[in-house]
Amino acid sequence: MPLNPEIDYGTPASKSKKTVTLTIDGTEVTVPEGTSIMRAAMDLGTQIPKLCATDMVESFGSCRLCLVEIEGRNGTPASCTTPVANDMVVKTQTDRLKRLRKGVMELYISEHPLDCLTCSANGDCELQDMAGAVGLREVRYGYEGARHPDPGIDASNPYFTYEPSKCIVCSRCVRACEEVQGTFALTIANRGFDSVVSPSMEQPFLDSECVSCGACVQACPTATLNEKSIIDIGTPDRAVVTTCAYCGVGCAFRAEMRGDELVRMIPYKDGKANRGHSCVKGRFAYGYANHKDRILKPMIREKITDPWREVSWEEAIQHTASEFKRIQAKYGRSAIGGITSSRCTNEETFLVQKLIRACFGNNNVDTCARVCHSPTGYGLKTTFGTSAGTQDFDSVEQSDVILIIGANPTDGHPVFASRMKKRLREGAKLIIIDPRRIDLVHTPHIQADYHLPLRPGTNVAVVTALAHVIVTEGLVNEQFVRERCDWDEFQEWAAFVADPRHAPEEVEKISGVSAETIRGAARLYATGGNSAIYYGLGVTEHSQGSTTVIAIANLAMATGNIGREGVGVNPLRGQNNVQGSCDMGSFPHELPGYRHLSETATLEMFESYWGRPLDAEPGLRIPNMIDAALDGSFKGIYIQGEDILQSDPNTQHMAAGLAAMECVVVQDLFLIETANYAHVFLPGSTFLEKNGTFTNAERRIQLVRKVMTPKNGYEDWEITQMLSNALGYPMHYNHPSEIMDEIAALTPKFAGVSFKKIEELGSVQWPCNDAAPEGTPVMHVDGFVRGKGKFVITEYVATDEKAGPRFPLLLTTGRILTQYNVGAQTRRTANVVWHEEDRLEIHPFDAENRGVRDGDWVKLTSRAGETTLRALITERVAPGVVYTTFHHPETQANVVTTDFSDWATNCPEYKVTAVQVMPSNGPSEWQEEYKELSKAARRIAEPLVAAE
Ligand code: SF4
Ligand code: SF4
Ligand code: SF4
Ligand code: FES
């Protein structure tokens with residue numbers, strides 16, 4: 001589509017339900033109360049000249065360009081700061097206004113550098129536009145006088161420049177950083193003519209508090225803050241709206257293109273998940289798509305010690321098919337399986353599980369959710385009847401109390417965190433349950449009311465203690481429970497949590513959180529109005545992950561905080577399409593739509609649609625596949641877009657399992673760590689090169705649109721289709737929309753979903769069917785999906801992974817803002833300037849005891865293995881707890897994580913590993929060996945023709 005920039009209405013939309021009617025330039029217009037005159041005029045198609053106003057931030061009224069005349073009022077008020085009133089009569093264009101506006105523009109232009117022709121914003125500059133709009137033809141003051149301060153260009157940020165000489169001090173950037181992003185990194189330093197935008201304490205952007213979200217760059221009307229890509233490439237000439245492929249927030253972007261080259265990603269204001277905001281990953285970190293490491297040709301090799309050999313697509317697909325057939329003939333139908341990708345589209349994921357069930361003839365399919373949110377699926381299905389979060393993101397605007405447990409939204413889900421921070425600045429209360437002092441505990445203008453820094457592994461005890469307070473202090477919403485939940489089960493649960501062993505005073509001994517804090521947090525959650533729970537992997541990645549999810553659901557039901565806006569239970573999903581990959585039937589026991597294989601009628605429906613008998617026995621989960629490989633009964637695997645070697649626990653065990661297989665097929669962008677053990681490499685396509693849909697953490701299905709042709713030749717679904725055809729199970733889809741039609745035909749929750757509907761509505765939240773033709777923003781409104789809400793007893797069982805004399809510290813892991821998951825993409829972007837390596841956070845007390853100084857190499861040892869990395873001494877972690885990220889393969893943090901896992905779902909216990917930390921001189925033996933192996937495993941033989 002043509003570029004067509006989004007309309008800027010000048011001021012934010014009013015949410016008022018009341019309306020006001022006024023007349024602007026002789027035409028009547030009716031708008032919500034509280035709307036500015038500027039915005040009301042835009043509704044009539046009249047663009048009042050403006051510079052300091054933009055609809056992403058509240059109006060400020062500093063430039064005086066947007067003046068209007070109002071009948072019966074003196075002077076010329078600014079239309080951006082003046083709200084409409086009934087019967088108001090406004091004129092936007094009179095001789096007086098024209099004269100005044102020209103005067104304002106003359107002053108701006110007289111001190112602005114006149115290098116328009118070579119300016120990177122030429123053609124995309126509001127100052128230029130406004131000079132034209134007001135008819136400025138001459139500047140009486142000349143161009144030679146004093147100019148705005150020019151301390152030189154700050155190019156320290158890898159993605160944008162700051163050129164103060166071009167600044168008109170409109171403060172749009174400062175307000176965007178405050179209101180939209182909530183970081184407060186910018187101020188206007190000095191006064192009058194010397195005013196200048198200052199990151200932190202007049203530091204370069206890179207050294208400041210700036211988190212590179214890009215909101216200020218987007219807000220800037222001139223070239224003062226400008227994307228480096230615009231400077232390098234020039235302005236775009238077309239735009240395609242698509243969805244970010246990084247995290248589960250699911251931000252919509254306009255991919256702005258020049259020819260086949262991506263110029264920049266601009267957050268889409270109509271994106272219902274992000275409302276025009278972005279984070280550094282989606283906004284800027286897309287360069288991996290063109291990185292030199294990207295593999296574009298299929299490759300095969302006999303043994304993993306051989307160098308790779310480039311082959312044609314035909315040969316790669318035929319070779320894979322014949323290997324899989326050979327293995328099944330020799331070792332049986334169940335000897336192969338596959339892993340779907342939570343980074344790929346719903347359609348691609350659906351096709352992989354279909355390939356496995358209908359063509360491989362078994363259910364050996366699993367996905368990365370195994371290692372992240374599988375307990376969410378289990379816990380929420382058990383209690384509420386459906387395996388997903390209950391709210392949309394907008395819901396947070398109605399929350400009075402926000403309880404965050406085991407999540408770090410400012411790093412993991414930054415755009416949603418910004419929306420959360422806005423609500424908190426408006427006065428919502430905040431409870432944080434986390435072993436670390438995450439940023440939200442204390443950030444500009446936000447201070448958590450309660451922080452419960454619990455000992456890793458004690459979630460169930462703490463959440464049950466919250467329930468104890470609620471039940472024993474009479475804070476239960478009895479009416480809600482009687483109407484909506486099973487009363488007998490509730491009573492049984494209430495008696496259980498009321499037991500004195502669950503009292504905060506007892507739980508303090510286990511968790512390390514003071515009883516007083518637990519009591520205060522429980523009272524606030526139960527009585528503070530609309531209370532919403534947001535949680536992450538700090539809940540699920542435990543041996544009792546499913547139990548904690550259930551305990552959270554119990555808490556919401558007991559207090560009636562479910563089934564309306566502002567409340568609910570909300571898992572913050574990690575990868576862009578992890579919700580979708582689960583929805584699409586990626587688990588070995590469930591068909592798409594979370595229907596168990598034992599549901600005979602459903603199984604028969606799939607058999608009839610797919611024309612193949614299906615196995616009714618659940619297949620192998622990822623850890624079972626690896627164990628079976630070591631036993632010799634599992635020999636081949638098709639892995640689409642997932643680096644199980646780096647992301648799954650106990651790396652050495654995983655490596656041994658992969659090495660024991662006869663045909664490991666990896667479909668990915670790069671030679672990822674798992675590919676070190678692969679026999680076939682099928683180059684994948686990026687999200688920019690494909691059509692399809694992603695489903696975000698709020699069940700929102702959004703379109704991914706192809707903005708360029710796949711450099712590898714095929715979209716990922718086409719590769720799966722070719723493999724299926726080669727294996728003798730024909731697939732003939734022409735477009736992913738046809739796959740979505742099949743999903744809709746087979747899955748009641750998706751019955752009303754189609755590409756056409758998503759195009760029309762912008763996005764759809766499932767369930768979407770006859771009962772909810774436009775989707776379901778908030779779930780369980782009139783009743784739980786399962787009928788009555790189910791209270792379940794949550795007995796706390798301490799993990800077997802215990803700190804002791806050999807391993808006295810508890811390691812917990814997580815991620816940071818600028819990197820994503822195993823880092824395969826973000827490490828191949830300029831984001832590495834913020835995070836070149838994984839560091840071990842350690843409390844000063846523990847560091848001193850071990851003679852460790854900040855930046856020292858330390859050896860991190862557990863029962864499973866050891867690795868080395870550098871120490872970061874910080875009080876963000878409590879004494880006895882250490883923390884690291886897992887973004888860099890050199891560190892291989894998962895070498896030390898253990899095989900312990902959630903009792904219900906096998907989700908690994910990443911968040912609790914007993915470890916010892918000691919000073920070290922350098923990499924561990926495993927790291928050295930792995931480095932060598934990696935180097936050898938990535939050799940690509942010279943093509944024969946070139947060699948000749
Ligand atoms: S990029 Fe974002 S965080 Fe940085 S200064 Fe701009 S708005 Fe603030
Ligand atoms: S940097 Fe841009 S947005 Fe910020 S004050 Fe200057 S011109 Fe306005
Ligand atoms: S918050 Fe998530 S979806 Fe949004 S831009 Fe950042 S990484 Fe992408
Ligand atoms: S746009 Fe209204 S005063 Fe600047």
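So if I place +1 on the C-beta of Lys and Arg and -1 on the C-beta of Asp and Glu, and nothing else carries charge, what would the dipole magnitude of the chain be about its Cα centre? I want it in debye, nearest 20. Intermediate results must be reported in sequence, preceding the final value.
Working: 95 positive and 120 negative charges, 179 e Å.
The calculation lands at about 860 debye.
The stretch between Thr527 and Arg876, if pulled fully straight at 0.36 nm per residue, gains 122.7 nm over its current Cα-Cα span. Binning all Cα-Cα separations of the stretch 732-792 at 10 Å, short to long from zero, yields these whole-percent fractions: 22, 44, 23, 9, 2.
Evaluated at q = 0.14, 0.18, 0.20 Å⁻¹, the base-10 log of the normalised Debye intensity for the stretch 388-510, with identical point scatterers placed on the Cα atoms, takes the values -0.75, -1.09, -1.19. For the chain, the longest principal axis of the Cα atoms and the long axis of helix 545-558 meet at an angle of about 50 degrees.
Placing dummy labels 7 Å off each Cα toward the beta-carbon, the span from Glu516 to Asp770 is 6.0 nm. Compared with the dominant principal axis of the Cα atoms in the chain, helix 515-527 is inclined by about 60°. Per-residue ellipticity at 222 nm computed for the chain from its helices equals -8000 deg cm²/dmol, with DSSP H segments shorter than 4 residues left out and the rest contributing -39,500 (n - 2.57). Each label point was placed 7 Å from the Cα along the Cα-to-Cβ direction; for Asp25 and His735 their separation is 3.9 nm.
Suppose R0 equals 51 Å; then what is the FRET efficiency for Glu617 and Asp237 from their Cβ-Cβ distance, rounded to the nearest 0.05? Present the calculation step by step, with values, prior to reporting the outcome.
Values: r = 55 Å, r/R0 = 1.08.
Computed FRET efficiency for Glu617 and Asp237 comes out at 0.40.
Summing Lys, Arg as +1 and Asp, Glu as -1, what charge do residues with Cβ under 11 Å from the Cβ of Ala878 carry, Ala878 excluded? Could the numbers behind the result be given before it?
Values: positive: Arg436, Arg437, Arg455, Arg876; negative: Asp434, Glu841, Asp846, Glu875.
Once all neighbours under 11 Å are counted, the net charge is 0.
For the stretch 204-331, how big is Rg over Rh, using alpha carbon atoms and the Kirkwood form of Rh? Please report the intermediate quantities before stating the final value.
Working: Rg = 21.2 Å, Rh = 18.1 Å.
The Rg/Rh ratio comes out at 1.17.
Ordering Phe184, Phe845, Phe416 from the fewest to the most neighbouring beta carbons within 10 Å gives Phe845, Phe184, Phe416. Think of the stretch 295-367 as a dipole: +1 on every Lys or Arg Cβ, -1 on every Asp or Glu Cβ, centred on the Cα centre; then among Val311, Asn362, Cys344, Asn362 lies furthest on the positive end. With a Förster radius of 35 Å applied to the beta-carbon distance between Ser312 and Leu630, the computed FRET efficiency rounds to 0.55. Peptides 655-667, 27-39 ranked from most to least packed, by the mean per-residue count of other Cβ atoms within 10 Å: 655-667, 27-39. Considering only Cα-Cα distances, which of the following residue pairs are longer than 23 Å: Lys98/Lys269; Lys269/Lys706; Lys706/Lys757; Lys354/Lys790? From the list (Lys98/Lys269; Lys269/Lys706; Lys706/Lys757; Lys354/Lys790), the Cα-Cα distance tops 23 Å for Lys98/Lys269; Lys354/Lys790.
Setting aside same-chain residues fewer than 8 positions from Lys935, which lysines have a Cα under 16 Å from its Cα? Straight-distance partners of Lys935: Lys303.
Kirkwood hydrodynamic radius, computed over distinct alpha-carbon pairs, for the stretch 139-298: how many Å, to one decimal? Mind dumping the intermediate values first?
Numbers: mean 1/r = 0.0589 Å⁻¹.
After inverting the pairwise mean of 1/r, the radius is 17.0 Å.
In terms of distances greater than 24 angstrom between alpha carbons, the cross-link table entries Lys635/Lys749; Lys381/Lys749; Lys15/Lys272; Lys281/Lys690 yield Lys635/Lys749. Here the spin labels are modelled as points 7 Å beyond Cα on the Cα-Cβ line, and at Arg73 and Asp260 they lie 5.5 nm apart. Just to confirm my numbers, what's the Cα centroid distance between the stretch 652-713 and the stretch 441-487 in Å? Cα centroid to Cα centroid, the span is 39 Å. For the Cα trace of the stretch 31-125, dividing Rg by the Kirkwood Rh returns an Rg/Rh value of 1.01.
Remark: Asp648, Asp856, Asp207 ranked as Asp207, Asp856, Asp648, counting other beta-carbon atoms within 10 Å and listing the fewest first.
Global size of the chain: 28.9, 92 Å for Rg and Dmax (C-alpha atoms, Rg to one decimal, Dmax whole).
Applying 0.36 nm per residue to the separation of Glu58 and Asn921 and subtracting their alpha-carbon distance, the gain on full extension is 305.3 nm. Nearest 10 degrees, 0 to 90: what angle lies between the long axis of helix 313-331 and the longest principal axis of the chain (Cα atoms)? Roughly 30 degrees, rounded to the nearest 10. By the count of other C-beta atoms within 10 Å, a proxy for reagent exposure, Tyr883, Tyr638 are ordered fewest to most as Tyr883, Tyr638.
Sorting the segments 161-169, 920-928 by their mean number of nearby beta carbons within 10 angstrom, highest to lowest, gives 161-169, 920-928.
Only aspartates and glutamates eight or more places from Lys802 in sequence, or on another chain, were considered; those with a Cα closer than 13 Å are Glu909. What number does the stretch 384-444 give for Rg over Rh if you use C-alpha atoms and the Kirkwood radius? Reported Rg/Rh (Cα atoms, Kirkwood Rh): 0.96.
Could you tell me the calculated FRET efficiency between Gln203 and Asn122, based on Cβ-Cβ distance and R0 = 35 angstrom, to the nearest 0.05?
Values: r = 29 Å, r/R0 = 0.84.
So, using R0 = 35 Å, E works out to roughly 0.75.
Where both partners of a DSSP beta bridge lie in the chain, what percent of those bridges are antiparallel, to the nearest 5? Spell out each step's value before the answer.
On the way: 64 of 109 bridges.
Just about 60 percent of them are antiparallel.
Charges on Cβ only, +1 for Lys and Arg, -1 for Asp and Glu, centred on the Cα centroid of the chain; of Gln927, Asn624, Asn696, which one is farthest towards the dipole's positive end? So the residue furthest toward the plus end is Asn696.
Under a Cβ-Cβ cut-off of 14 Å, what is the net charge of the residues other than Pro221 that fall near it, where Lys and Arg count +1 and Asp and Glu count -1?
Numbers: positive: Lys50, Lys166, Arg172, Arg175; negative: Asp8, Asp55, Asp124, Glu126, Asp129, Glu163.
Local charge sum for Pro221: -2.
Throughout, read-outs are computed from the coordinates displayed, never taken from laboratory work. Everything numeric here is computed off the predicted structure, so don't read it as measured data. Don't worry about glycine lacking a Cβ; one is built from the backbone with ideal geometry, like all the others, and counts go over all protein chains shown.
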